[in-house]
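Asks: Structure incoming, see below.
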There are 2 protein chains.
Amino acid sequence: MWLPDEAFRPLGSRRVLVAVGPDDGPVAETVVAEVAAATERFGGSLVTSPVTVDEALACDVVLAIVGSAGTVGTASATMPPPPGHPPRTDPYLRAVQAVVEDLLALGSSVLSPGMFGLGRHRGRTVVVAADAAGLLYGLHAMVRRGEAALSGLDDFVWDLPVSSVRMLDHWDNTVVHPVMGQVERGYAGGSIFWSEGRVRDDLSRVAQYARLLGSVGINAVGLNNVNVHAAEARLLTDHVDDVARLADAFRPHGIRVYLSVSFAAPITLGGLETADPLDPAVQDWWASAFRRVYEAIPDFGGVVVKADSEGQPGPFAYGRDHADGANLLARALRPFGGTVFWRAFVYDHHQDWRDRSTDRARAAYDHFTPLDGRFDDNVVLQVKYGPMDFQTREPVSPVIAAMPRTRLAVELQVTQEYTGQQQHACYLGPQWAEVLEFPLAEDGRSVAYIAAGLSEGDGQPTPAGGIVGVSNVGTDEFWTGHPLAQANLYAFARLAWGEEDPVAVLDEWIGLTFGDDPVVRSAVHAVLDDSWHTYESYTAPLSVGFMVRPGHHYGPDVDGYEYTAWGTYHYADRDGIGVDRTRATGTGFTGQYPSPWRDVYESVETCPDELLLFFHHVPYTHVLHSGSTVIQHIYDTHADGYDEVVRMGGTWESLRGRVPDAFFDRVSERLAEQERSAREWRDHVRSAFFRRSGIPDATGRTIY
Amino acid sequence: MWLPDEAFRPLGSRRVLVAVGPDDGPVAETVVAEVAAATERFGGSLVTSPVTVDEALACDVVLAIVGSAGTVGTASATMPPPPGHPPRTDPYLRAVQAVVEDLLALGSSVLSPGMFGLGRHRGRTVVVAADAAGLLYGLHAMVRRGEAALSGLDDFVWDLPVSSVRMLDHWDNTVVHPVMGQVERGYAGGSIFWSEGRVRDDLSRVAQYARLLGSVGINAVGLNNVNVHAAEARLLTDHVDDVARLADAFRPHGIRVYLSVSFAAPITLGGLETADPLDPAVQDWWASAFRRVYEAIPDFGGVVVKADSEGQPGPFAYGRDHADGANLLARALRPFGGTVFWRAFVYDHHQDWRDRSTDRARAAYDHFTPLDGRFDDNVVLQVKYGPMDFQTREPVSPVIAAMPRTRLAVELQVTQEYTGQQQHACYLGPQWAEVLEFPLAEDGRSVAYIAAGLSEGDGQPTPAGGIVGVSNVGTDEFWTGHPLAQANLYAFARLAWGEEDPVAVLDEWIGLTFGDDPVVRSAVHAVLDDSWHTYESYTAPLSVGFMVRPGHHYGPDVDGYEYTAWGTYHYADRDGIGVDRTRATGTGFTGQYPSPWRDVYESVETCPDELLLFFHHVPYTHVLHSGSTVIQHIYDTHADGYDEVVRMGGTWESLRGRVPDAFFDRVSERLAEQERSAREWRDHVRSAFFRRSGIPDATGRTIY
């Protein structure tokens, strides 16, 4: 993926001082090892303690951990760093301080975890960080900049993650599920963690993966599917040693591991007759279970829970609410510093499609906002970015702005369940950037700021949650099935860190992955930059969503979910299409939004075109802000989207011989399938809406 | 199922002479054993040789095998009986002849295999048969008639099977298929034959099943799925001993076993580089393979082949046609007396839905009729009853009348793939009776007559094929999942034999299964007699077919197959629905029919209502012969069909306590699911067509 040896050439050819000590822990050791490997490969040299001031000043590059208050020292690699760690005063550290001390005045007087400063200073390149994780992030920030980071004029900046939790959940089963396979909604082969019920013997691939994630600031991973089947439930108990082996693989890269657990575990694993969260025996069971986990994994992160959702057990069975449920686990984890990620994806999946008053989009808000303030402070409520389920286009979930007293994490889907299943090139950076930068709160705060618990202007900080993505990797030789889907994993991490420009992030990925060939850079941008919009254009129109084949969710089926129990309808008839979610005449979902969105979305006049059918049922002849009618928009976007895919294929073809053959060939195969599938989408959707509406395509293009 | 001990009470309380000898083989032994068990249980007595004339005349019941030319004698139980078997002349046979000799003049002077005479004669009940199989069928015919067969005035009739082959194919996999399960399109649990790749250790259930089938004249079974996966392919070679064990279980009941084989077996099993039917090495391979099979199973029936169909290998890969393919196997089987059942279910399952000129309904005719006369005489071409695929309503396949020089078997589907999957009560006897009695041929011959190779009036006999059904049984405690689906298995056998009245056949089944309670008899008739029409009424309307959920085929999905590669379309738009298969303006499929059907179906004026949308695309406002419009017909039948299911549930409820509780409860559960599902069908279809047509239901019933 994005850490080829070649990316380390600029660093590796220098004389590099890494100023860490034996107490700085395994992440610091990783930094040393990275520099050692790079300098060995490319002819530079690594300097470690002890050094003199002169030796330090003779280095081209200095990487140093400084104390949390700006004093050069060491910090434990565990997160958060232990307070009050005494600064070291030996000659080695004085040497380093001579290099960096006047830098510290440039930055914050309080360095937060993961923060680092990087830049040119007095003719050399310096990375200083609050802790080992920050040093690792700074190292990789330097690598990303390439030669430019190692030459030129003084220019020093501080960087820090917006969100303190940057997590990837893996919907991996330990055994192959008869319907969902080894990785639920996975499109890249088997699980890199699990095989036949146990952790893999050979974890070298996990180590590579952990290095990749650590390099872009991911600091938490969920190791198993949120749908917890019987075999996977036992990870918490019988197979905790397997989990410990994975924790060992992730730890050197600053990443803590989490397990998805079953709320019914006290019954299914513990032999109790109840899982009632208010039952003391249940509370004791969880406390004991976690005690044993922490004996094996002292820095175990905590749990991810899908409860009362799509058949998973939960507190409702006992007449308890989700605060009771989440706090049960939170209190059992508290003594050990663990956190509960409690998913807000709770809705009725046995809905009666005949009943137009029930609106799945309302469900998370209706279930959770009454509980705001009731969750313990080691609970994070994990909310999908939209009110439905990872569609190509949804409005941002109003839950995110509606629970100021609750830690909230925003959940994004890196694995392309509804966005082409890693058969289609669909770069999701722009979607996530739109979501994260969307000024949802009444005070204008963005989704990213809310998730980070940051205030804006005079606002008060709120509790910090995080950003969570569902991973897209597997045992596939390219990690992600579609090699270009690696860019999604990269972009997720960088946007979760706080980067805002998805095209700039993509540019980083291109540079790391392919080097500096401007032809490649230009072509990959041409293929990916707008690929999300392209995908949107030939699939479900105008945010109406769910026109996919039921079950596997690949390919078009306009009415596939229309008469089902899943709450995902478009109500297309011979006259019009869309879901009336207004307060005036519909389900009232618009009322869950703060101002101004509650009114922007309420009115067909102000609702953005791209969200029109999510909020309104309109005639096919309704004229969009774009000037086109809804029906002509459907015809045009589907024809144009397919044409764009053909163009993407041609662009990629121009790279033959410029990127590795295996990579080229795989992408070519996928683009051919994307073209086939996009043609199917185009013709199916155009035909279905022509048959319904009877309105011809004004351009006269063929409708079958 | 239909052979409870109680059914044998009338026979078992009599003095019964069974006049068979040691040379009559295992089927004759079965007759003796049945009578022995019955008389032991119910206080009668069994008389076997030697007897005097007086002893014979003192019996209440006489069962005897007579020679094929009407002379009392013995015949081998193998089928067909060996010609020229010398008549026995010992006193035993003279005694029997004294009872039956003047009966023989009443019947045919030449008795055909399986034929028997049954009736009252000189104050006693007599069964005479050409062979042991006929004697078995006659025994069970007597049992079916109950006490009436054993008292009353003289009344003697001859009976014989119309079709010489009456076969049940089992789509059983030896290992559980990841998608299709153990029994493909099976709705009654696992396979009674196979478990974990091998034949079951305990074949007692197979023995029960063989007894049931033998009692109603089934004489052939296919033991494995026509989609032959890797494990099942090896039945022909590595696991032929497993097949032999099953043959041993079926043999005593007059049933020969067949295997489905893979056309690619010379490659996959034999290690050859080709399966080309004209390659001598391939021919040798099959000859050797069958030689080994017949060493293990001397009366092995032969093979069933699905070739070049839905991904199965076939002769097309080598530029050969299906006559080449079938004759390859036929010539390898000929030395041993084996037969090839070669399925005509060949069509393009990668069809482009955009192309309205390709018509799957035409495929079997287009592929096979040019080959008429080219198939060897131990090849039977197995043709599904309709041109598509076992839909609830299709016209009869024109192939059946179009190949006078080819042995044809008509294939019916007992397992309810498209007719409610043994969740819905759907008695298929009326459908099959309509198909088998349909006067398809230009000379007026029915489908059953064509399959039997019989002539009518001055017509010439054609080669005899048979009737084949796909079995609906499994390891379920009631054999068929829905207990009332037992009636379908029973009816298939009786209609394949030659019975014509499906209600009378159902009445037999009710009597055997439940005894003589008139309340039960009346209620089961009320539930089942019209249940096929009821099912038709709430599912796809007017023979348009395929409005099921793709893949599993259960439940409604109006457009589920509309934009797929399967060739199963209805072209419903805002104005109308149906497939134009006319010669004048459509695909020309009507031209595959002989007169008068080619013209009856061609004209919208003469096409029967129930087949209208199979042959014509009409506006929703088209007025049917019934006087209703198409759209109102859809509305009415779907509402009425659901109401009828509710009524069926009420009728069944009246039987609580009158039928065994477990049977009652299972049927009640299924009727509840049928009611739920029928409501879903009703509302989905009514809504979908209202949304498309915009035409309200004239009765004002709710449309969602």
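The values are calculated or read from the model by the stated rules, or taken from the named source; none is laboratory data. All of these numbers come straight from a predicted model, not from anything done at the bench. Neighbour counts run over all protein chains shown; Cβ positions are idealised from the backbone, glycine included. Just so you know, the surface numbers come from the protein's heavy atoms only, side chains and all, with ligands and any DNA or RNA stripped out. Shrake-Rupley method; radii C 1.70, N 1.55, O 1.52, S 1.80 Å.
Asks: Choose one of B:Val303, B:Phe250, B:Val527: the residue whose Cα lies farthest towards the positive end of the charge dipole of chain B (beta-carbon charges +1 Lys, Arg; -1 Asp, Glu; about the Cα centre).
Replies: Towards the positive end, the residue furthest out is B:Phe250.
Asks: While we're on this one: If you rank B:Asp507, A:Asp54 by how much accessible surface each has, with a 1.4 Å probe, what is the order from largest down?
Replies: A:Asp54, B:Asp507
Asks: Let me ask something else. Do any trypsin sites (Lys or Arg not before Pro) in the range A:586-687 lie in a DSSP loop with no more than 16 other beta carbon atoms within 10 Å, and if so, which?
Replies: A:Arg656, A:Arg658
Asks: Let me ask something additional. If the label for B:Asp355 sits 7 angstrom from Cα along the Cα-to-Cβ line, what are its distances to the same label in every other copy, in nm to one decimal, shortest first?
Replies: Listed shortest first, these distances are 4.7 nm.
Asks: Run lengths n ≥ 4 of DSSP H only: what is the helix-derived mean residue ellipticity at 222 nm for chain B, with -39500 (n - 2.57) per run over all residues, to the nearest 500?
Replies: Taken over chain B, the calculation gives -10500 deg cm²/dmol.
Asks: How much FRET efficiency would the formula 1/(1 + (r/R0)^6) give for A:Phe316 and B:Thr702, where r is the Cβ-Cβ distance and R0 is 25 Å, rounded to 0.05?
Replies: The computed FRET efficiency comes out at 0.20.
Asks: Based on DSSP, what percent of beta bridges with both residues in chain B are antiparallel, to the nearest 5?
Replies: 30
Asks: Next up: Considering only C-alpha atoms, what is the centroid distance from the range B:592-659 to the range B:370-439, in Å?
Replies: Answer, in whole Å: 20.
Asks: For the protein assembly as shown, just run the numbers: alpha carbon Rg, then divide by 2.2 N^0.38 Å, N being how many residues it has.
Replies: Normalised by 2.2 N^0.38 Å, the Cα Rg of the protein assembly as shown equals 1.10.
Asks: Next question. Across the residues of A:677-690, average count of Cβ atoms on other protein chains within 10 Å?
Replies: Average neighbour count from other chains, rounded to a whole number: 2.
Asks: DSSP beta bridges in the range B:166-514, what fraction antiparallel, as a percent rounded to 5?
Replies: 10
Asks: Select from the range A:143-227 those GluC sites (Glu not before Pro) which occupy a DSSP coil region and have at most 15 other Cβ atoms within 10 Å, ordered by residue number.
Replies: Filter output for the range A:143-227: A:Glu196.
Asks: Report, in whole Å, the centroid distance computed from the Cα atoms of the range A:4-29 and the range A:149-212.
Replies: Here the answer is 22 Å between Cα centres.
Asks: Could you state how much accessible area A:Glu673 has, in square angstrom rounded to the nearest 10, with a 1.4 Å probe and all protein chains kept in place?
Replies: 40
Asks: Can you give the accessible area per residue of chain B, in Å², using a 1.4 Å probe?
Replies: 34
Asks: Multiply the residue gap between B:Ala148 and B:His350 by 0.36 nm, knock off their C-alpha separation, and tell me the result in nm, one decimal place.
Replies: 67.0 nm
Asks: I need the inter-copy label distances for A:Thr699: point set 7 Å along Cα to C-beta, values in nm with one decimal, smallest first.
Replies: 4.7
Asks: Quick one: work out the % antiparallel among DSSP beta bridges in the protein assembly as shown, nearest 5.
Replies: Within the protein assembly as shown, antiparallel bridges account for around 30 percent of the total.
Asks: Then there is this: Can you tell me which lysines have their Cα less than 28 Å from the Cα of A:Lys306? Leave out same-chain residues fewer than eight positions away.
Replies: A:Lys384
Asks: Taking the label point as lying 7 angstrom from Cα along the Cα-to-Cβ axis, what are the distances from A:Val519 to the corresponding position in the remaining copies, in ascending order and in nanometres?
Replies: 8.9
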